[in-house]
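Before any comments, here is the structure.
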Amino acid sequence: QGMPVVEKGRVIRLCGTFQDISEQKRVEKELLDAQETAKIGSWKYDLLTGHQTWSAEHYRIFEIDAPQSQEKLHKLYREKIHPEDRAELDRVIERALQLGKNFVFNHRVCLDQGSRIKHVRGIGKVTKNAQGRPIANSGTCQDITDIVALQEQNKFILESMGIGIWKFNPHTQDLFWDRSMYDLYELNPENFSGDIIVTGN
């Protein structure tokens, strides 16, 4: 960058500096490559100005051409969110802003007029000013479609083999059963008290 030196209203010389940013550019490229490989996009939303910033991978995940005007970007984004997930997503973000806490929310993205669905995991962080007032949201979105498909496949295999999954926390006494466990014991989840069942001699 440079700046003129003025004497008696006339520019008499220019002076400035140059900085080697090769390393910075290399790191930036590595970060972008890592985001693309992991299918993770980043975003930021300024609550005071309403300005959104999306990374290139975030545009790719939602399959929106970049760049877009602020008004159009928000409209296109809302249209991509599955209609059944919009209200819950708004509720999660609103609660995070009220509490000033981070949030995680999995939701679906509709593509090709709803004929194709992506599963996306959003992780958000609330930034507050010195007075504790939320001034921005930022975070990441990851395309977890392949992960969800694998989970569904594994679930199908376990159900086909008559295998149920359970988890018990001895400290809190919390017991978790998947759907197959209820089917195996012929129990209704709504009527199950959560008490541990002991069988055998």
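Tally up the residues in region 128-152 that are in a strand (DSSP E or B) and either open to solvent by 100 Å² or more (accessible area, probe 1.4 Å) or not aliphatic (A, V, I, L, M) (or both), please.
Summing the residues that are in a strand (DSSP E or B) and either open to solvent by 100 Å² or more (accessible area, probe 1.4 Å) or not aliphatic (A, V, I, L, M) (or both) in region 128-152 gives 9.
Here H119 clears all of (1) surrounded by 13 or more Cβ atoms within 10 Å (Cβ to Cβ); (2) assigned to a loop (DSSP other than H, G, I, E, B); (3) not aromatic (F, W, Y) except the condition numbered (2).
Reported count of residues in region 41-79, each being in a helix (DSSP H, G or I) and hydrophobic (A, V, I, L, M, F, W, C), is 5. So K72 clears everything in (1) farther than 15 Å from H107 by Cα; (2) in contact with a strand residue (DSSP E or B) (Cβ under 9 Å, 6 or more places away or on another chain); (3) not small (G, A, S) except one condition, right? Which one? Of the numbered conditions (1) farther than 15 Å from H107 by Cα; (2) in contact with a strand residue (DSSP E or B) (Cβ under 9 Å, 6 or more places away or on another chain); (3) not small (G, A, S), the odd one out for K72 is (2). Residue-level check: of (1) open to solvent by 70 Å² or more (accessible area, probe 1.4 Å); (2) more than 20 Å from the chain's Cα centre (by Cα); (3) modelled with pLDDT under 90, T37 misses just (2). Among residues of region 42-66 that are closer than 16 Å to N137 by Cβ and touching a residue at least 40 places away in the same chain (Cβ under 8 Å), those with a Cβ under 8 angstrom from a residue that is in a loop (DSSP other than H, G, I, E, B) and open to solvent by 30 Å² or more (accessible area, probe 1.4 Å), sequence gap 6+ or separate chain, pair up as Y45/H51. For region 80-110, residues that are under 16 Å from C141 (Cα atoms), open to solvent by less than 60 Å² (accessible area, probe 1.4 Å) and assigned to a helix (DSSP H, G or I) total 5.
The values are calculated or read from the model by the stated rules, or taken from the named source; none is laboratory data. The structure presented is a predicted model; accordingly, all values stated were derived computationally and were not measured. Reconstructed Cβ throughout: ideal geometry from the backbone, glycine too, with neighbour counts over all protein chains shown. Surface accessibility is based on the protein's heavy atoms, side chains included, excluding ligands, DNA and RNA. Shrake-Rupley method; radii C 1.70, N 1.55, O 1.52, S 1.80 Å.
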